[in-house]
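Engineer: Okay, here's the structure, questions in a sec.
The values are calculated or read from the model by the stated rules, or taken from the named source; none is laboratory data. Keep in mind that what you see is a predicted model, and the values were worked out from it rather than measured. In this analysis, Cβ positions are derived from the backbone assuming ideal geometry, glycine residues included, and neighbour counts consider all displayed protein chains.
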């Protein structure tokens with residue numbers, strides 16, 4: 001990963017976990033992360049084995065796990081945070097200690113929440129091939145990555161100015177409606193689909209997160225996932 005220093009040294013330890021669990025529940029950052037997790041969580045299956053790749057401080061599996069979960073991340077500091085806070089619920093280890101060849105056909109579900117935009121095409125292809133190897137036949141790999149539409153570009157600009165962590169200069173690949181399907185069409189997976197989630201209702205999180213979640217679901221049904229600031233990419237082996 002070309003910008004690995006950002007994740008291992010620059011990003012505050014536990015940053016995303018503190019956004020999710022922080023006192024200010026009515027905030028755009030909290031609403032964005034909470035709604036993303038709620039959209040991915042249904043893919044987790046009770047009594048099945050799950051890998052959360054690029055797990056950061058362990059927030060997703062620490063709060064949403066259903067079966068057996070393992071979290072892997074490039075940052076040793078984030079993994080230490082995850083072990084300290086969520087180690088009683090899940091296992092965590094650094095990427096340097098995770099060998100893909102040791103986990104062939106092991107996981108029923110693999111989630112990768114918010115990584116694709118920070119890696120280049122070659123790294124993305126290598127990652128998908130490695131995840132294919134460790135995914136069970138019939139298993140699923142779930143990615144989320146921003147939809148770089150006009151609304152998201154505005155959102156990111158505001159976030160870079162107001163939030164304590166700026167992603168300016170960190171994003172490598174910007175997916176949009178024109179390139180997302182083409183970029184994932186040539187893989188070993190037998191089936192894949194792309195849908196949009198987190199429509200404009202997520203902005204209401206600033207006022208009230210419960211209202212934002214309720215309205216987001218209603219808009220999603222009406223538009224049939226044709227609006228959204230985030231792509232959810234689903235692969236089936």
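Engineer: In the stretch 130-159, which residues are in a helix (DSSP H, G or I) and either at positive phi or touching a residue at least 60 places away in the same chain (Cβ under 8 Å) (or both)?
Structural biologist: 131, 132, 134, 151, 152, 155, 159
Engineer: Here is a further query. Considering only residues that are in contact (Cβ under 8 Å) with a residue 40 or more places away in the chain, surrounded by 21 or more Cβ atoms within 10 Å (Cβ to Cβ) and within 18 Å of the chain's Cα centre (by Cα), which ones fall in the stretch 188-232?
Structural biologist: Listed by number, the residues that qualify are 197, 198, 202, 228, 229, 230, 231, 232.
Engineer: Name the single residue, out of those in the stretch 177-187 being touching a residue at least 12 places away in the same chain (Cβ under 8 Å) and not in a helix (DSSP H, G or I), that is nearest to residue 113 (Cα to Cα).
Structural biologist: The residue in question is 184.
Engineer: Answer yes if at least one residue in the stretch 55-66 is more than 24 Å from residue 171 (Cβ to Cβ), over 15 Å from the mean Cα position of the chain (by Cα) and in a helix (DSSP H, G or I), and no otherwise.
Structural biologist: There is no residue in the stretch 55-66 that is more than 24 Å from residue 171 (Cβ to Cβ), over 15 Å from the mean Cα position of the chain (by Cα) and in a helix (DSSP H, G or I).
Engineer: May I pose another question? When residue 141 is evaluated against the numbered criteria (1) under 18 Å from residue 20 (Cβ atoms); (2) crowded, with 22+ Cβ neighbours inside 10 Å, which criterion, by number, is the only one it fails?
Structural biologist: (1) is the only condition that residue 141 fails.
Yes or no, residue by residue, for (1) closer than 19 Å to residue 48 by Cα; (2) surrounded by fewer than 16 Cβ atoms within 10 Å (Cβ to Cβ):
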| residue | (1), (2) |
| --- | --- |
| 60 | yes, no |
| 74 | no, no |
| 92 | yes, no |
| 101 | no, yes |
| 105 | yes, yes |
| 110 | yes, no |
| 115 | no, no |
| 118 | no, no |
| 134 | yes, no |
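Engineer: Continuing with the same structure: For residue 127, which of the numbered conditions (1) modelled with pLDDT of 95 or more; (2) assigned to a helix (DSSP H, G or I); (3) in contact with a strand residue (DSSP E or B) (Cβ under 8 Å, 6 or more places away or on another chain); (4) surrounded by fewer than 20 Cβ atoms within 10 Å (Cβ to Cβ) fails to hold?
Structural biologist: So residue 127 meets the others, but not (4).
Engineer: Can you spot a residue in the stretch 147-163 that is in contact with a helix residue (DSSP H, G or I) (Cβ under 9 Å, 6 or more places away or on another chain) and at pLDDT 85 or above?
Structural biologist: Yes: one or more hits.
Engineer: Considering only residues of the stretch 173-185 that are closer than 20 Å to residue 156 by Cα and buried (at least 18 other Cβ atoms within 10 Å of the Cβ), which is modelled with the lowest pLDDT?
Structural biologist: The qualifying residue modelled with the lowest pLDDT is 180.
Engineer: Sticking with this one: All but one of (1) on the phi > 0 side of the Ramachandran plot; (2) crowded, with 22+ Cβ neighbours inside 10 Å hold for residue 82; which doesn't?
Structural biologist: (1) is the only condition that residue 82 fails.
Engineer: Can you name the residue in the stretch 36-50 that is under 12 Å from the mean Cα position of the chain (by Cα) and buried (at least 18 other Cβ atoms within 10 Å of the Cβ) and is also nearest to residue 217 (Cα to Cα) among such residues? Step through it out loud before you land on a result.
Structural biologist: Within the stretch 36-50, the subset under 12 Å from the mean Cα position of the chain (by Cα) is 36-41.
This time we only want the ones that are buried (at least 18 other Cβ atoms within 10 Å of the Cβ), so: 36-37, 39-40.
Working: 36: 12, 37: 14, 39: 10, 40: 14 Å.
Looking at the filtered set, the residue picked out is 39.
Engineer: In addition: Among the candidates 216, 220, which residue alone is in contact with a helix residue (DSSP H, G or I) (Cβ under 6 Å, 6 or more places away or on another chain), closer than 25 Å to residue 153 by Cβ and not in a loop (DSSP other than H, G, I, E, B)?
Structural biologist: Answer to the selection: 216.
Engineer: Would you confirm, using the coordinates I've provided, whether residue 124 is on the phi < 0 side of the Ramachandran plot and over 18 Å from the mean Cα position of the chain (by Cα)?
Structural biologist: Values: on the phi < 0 side of the Ramachandran plot: yes; over 18 Å from the mean Cα position of the chain (by Cα): no.
No.
Engineer: Still on this structure, I have one more. Kindly indicate whether any position in the stretch 186-206 is modelled with pLDDT under 85, out of contact with any strand residue (DSSP E or B) (no Cβ under 6 Å at 6 or more places or on another chain) and under 16 Å from residue 30 (Cα atoms).
Structural biologist: Scanning the stretch 186-206 turns up at least one residue that is modelled with pLDDT under 85, out of contact with any strand residue (DSSP E or B) (no Cβ under 6 Å at 6 or more places or on another chain) and under 16 Å from residue 30 (Cα atoms).
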